[in-house]
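J.: Next up is a structure, given as structure tokens.
Taken together, the values in this text are just the output of simple stated rules run on the coordinates, not laboratory data. Values in this document were obtained by computation on a predicted structure and should not be read as measured data. Here the Cβ is made from the backbone with ideal geometry for all residues, glycine too, and neighbour counts use every protein chain on show.
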Amino acid sequence: MATDDTVLTEDSLTLRPGGLAVALKVPWYRSLWLSSVSDIAVTVDGERVPRDELRVELGDRTYHVGELKDQWDTLWFIQDRLQVVVPRERPPAEGQEVDVEVAVELRLPYMQIAPMTYVTNHATNRRTLTAR
Amino acid sequence: MTAPGTPVQGVTLYSFTRAFHGRRYTFEELVREVARRGLGPGLELVGFQSIKGFPDVDPGFVTRFRSLIDETGLVPTCLSANADAGLRRDRMLTDDELVDYMRPQIAVARELGFPVVRVQISLTPDDMERLLPVAEQYGVRLGLEIHSHQHPRHPRIQALLERYEKLGSPLLGFVPDWGASLRAVPSTLLRKYREAGYDEDLLTGLEELWREHHAEGPPMTEPQHGRWFGQVVELAHRHGAGDRAIEMAVNITGLFGHAPASDWADVLPWAVHTHGKFYEIDADGDEPSVPVRELIGLWVGSGYSGAISSEWEGFHWNDWDDPFEVVAGEQALIRASAAASGSRVIVDPAEARRLVGLPGGRNI
């Protein structure tokens, strides 16, 4: 699925204390278990945010990106958003435009091509978003 | 001689993935839109797409879904389940775990009134045999989808067929997906790649490779498919499409299958539902990449009177066409093809319910 354009939406960027949050849609046609998410990368105004600084929220739970692989009993519903919380030394002001790029790497758990090897989907989406 | 079949017209909500994914419709709104446009009567869902929390479905949803079906007059045909054997990162699910993973999905199908559950190739003949008592318990049929790059003569499908013949249960069967039998690379995909700036040599190369594979015939082994996959990846890299190489290979070798339409004859007696996969409808109302007329001729000729879900997969790259209109286009083509084959397609809900409805209605 050519999913690059589906990850971010116009209203994806919100302000948080000490930073911002980027809302992501699952770049696939169905809901997936969080264990299907191999990686998430976020670049803000051209600067790649270190992976360890990102926090991922789904519902009332928070994860490091590296912990998602173990969440094989939590479903990311196709119409729900993952919030990726990004700390910023100087958070943008409300209404400010921010250049955001996200890359989501998925492993599709029902599409096996060899033992323990699965079809992947890589979606990259870059947009200028207004902080709300 | 077999009496001509009368397939039931229908659609899978998968065709409208972009609209649902983009939150332009709630689930209920989408079902109503399908009914309003006359794209039923058959209705298929992908459980993990349409239903939040699937397969843990709360009683409130079951009640709401049943009243939605009563209100719209649509006929539930197939609930598509997923066999997520790679759920965990540390190991594959064991056979026991995979059977347990499928069980609640099958139970939900019955609760919602679906007579057929689509299951996937991760399931072996042994798994299907172990799931038979579950199908019997809930009184639904299990159809293992024959999806490109698998095809009717693939050894894995033949092994399933052999087991089905041994078990002889009407509750085990197949869901043929027409994507296994393409006749050309969809032009809309090439248009999308062209618009994305990939050079003409790459596009020509992709089509040439697909035609070479087509001449070779559908892949009988995984190494053969792997070799094709590698050829597309290598070609894409040579033309500087490295970040899109895997996607191109998945599309060219994974979606657009090479099985001659006539190969379906062996498995059609075991077809419990059909995915009328298609990509585009041209100005003449034909599908240039899927031989719909020929396929319908075979389906009708084999006496098939199950549902055919129009399954538009063009949305993967095609964000310009209206999914409701292209689905209506394929359904018109299917009706005309059935008429040309001396039969007809069922569009009346009562007739459809008699042919494909859950026996005994929804009461368990």
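J.: Residue B:166: which aspartates and glutamates have alpha carbons under 14 Å from its alpha carbon, excluding same-chain residues fewer than 8 sequence positions away?
T.: B:126, B:129
J.: So, R0 is 60 Å and r is the distance between the beta-carbons of residue B:339 and residue B:200; what FRET efficiency does that work out to, to 0.05?
T.: E between residue B:339 and residue B:200, to the nearest 0.05, is 0.90.
J.: Give the distance, in whole Å, between the Cα centre of segment B:298-364 and the Cα centre of segment A:58-97.
T.: Centre-to-centre distance over Cα atoms comes out at 40 Å.
J.: Between the helical axis of B:200-216 and the dominant principal axis of chain B, each derived from Cα atoms, what acute angle in degrees is found, rounded to the nearest 10?
T.: For B:200-216 against chain B, the angle is about 60 degrees.
J.: Here's another thing I want to ask about it. In terms of Cα to Cα distance under 20 Å, which aspartates and glutamates are near enough to residue A:69, apart from those fewer than 8 places away along the same chain?
T.: A:39, A:52, A:53, A:57, A:60, A:80, A:105, B:84, B:90, B:97
J.: Let me ask another. So what is the relative contact order for segment A:1-128, in percent, with contacts set as C-alpha pairs under 8 Å and at least six apart? Could you put the intermediate results ahead of the total?
T.: On the way: 270 pairs, mean separation 42.0, N = 128.
Contact order relative to length: 33 percent.
J.: If you don't mind, there's one more thing I want to ask. If the cut-off is 16 Å between C-alpha atoms, which lysines fall inside it for residue A:25, apart from same-chain ones fewer than 8 positions away?
T.: Partners found: B:52.
J.: Taking the Cα centre as origin and putting +1 on Lys and Arg beta-carbons and -1 on Asp and Glu beta-carbons, what dipole magnitude results for chain B, to the nearest 20 debye?
T.: For this selection, approximately 860 debye.
J.: Here's another thing I want to ask about it. Whole-Å semi-axes of segment A:21-94's equivalent ellipsoid, largest first, each the root of 5 times a Cα gyration tensor eigenvalue?
T.: 22, 13, 11
J.: Using a Gaussian network for chain B with springs between C-alpha atoms less than 10 Å apart, which of these wobbles most: B:315, B:61, B:229?
T.: Result: B:61 has the largest fluctuation of those listed.
J.: Once the Cα atoms of helix B:95-112 and of chain B are each reduced to a long axis, what angle between those two axes, in degrees from 0 to 90 to the nearest 10, is obtained?
T.: 60 degrees
J.: Let me know the charge dipole size of segment B:1-125 about its Cα centre in debye, to the nearest 20, where only the beta-carbon of Lys, Arg (+1) and Asp, Glu (-1) is charged.
T.: Here the size comes out at about 460 debye.
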